[in-house]
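FYI, it's all coordinate maths here, none of it is from the lab. Predicted model only: the values in this text are computed from it and were never measured. Please note: Cβ atoms are built from the backbone with ideal geometry, for glycine as well, and neighbour counts cover all protein chains shown.
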Amino acid sequence: MKLKAVAAILTLSAFPVVAFAQATDTTSTKRIDKRQEYQDKRIDKGAQSGQLTDKEKARLEKGQSRVQKAEDKAMADGKMTKKERARIEHMQDHQSKNIYREKHDKQKAK
């Protein structure tokens, strides 16, 4: 009887460990993917509204492509390290500033 109780306690105590492992999952890039999608929408809206010229849009899309390539390379081994994630998020920060700068300059699409 004691053996069953000990087994039940060990089984139940393992659940928080599994939940923690899922919370610190290094294979998930949902946050990065959502941000990439949002920045793509910002570029598209800027082009539609005339805030971005065709040349500016192409340059920004090329930057987005570089960030995506970096993410793909980081995930090539199936997981992303903290250092890789920080580097990609830094690239996204830089790209976001570029989008803002291009959308708010004096150039307008014809």
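What is the calculated FRET efficiency for ARG59 to LYS82, with r their C-beta to C-beta distance and R₀ = 30 Å, to the nearest 0.05?
The pair ARG59/LYS82 has a calculated efficiency of 0.50.
If one puts a single equal scatterer on every Cα of the stretch 28-103 and applies the Debye formula without solvent, what log₁₀ I(q)/I(0) results at q = 0.24 Å⁻¹?
Log10 of I(q)/I(0), two decimals: -1.04.
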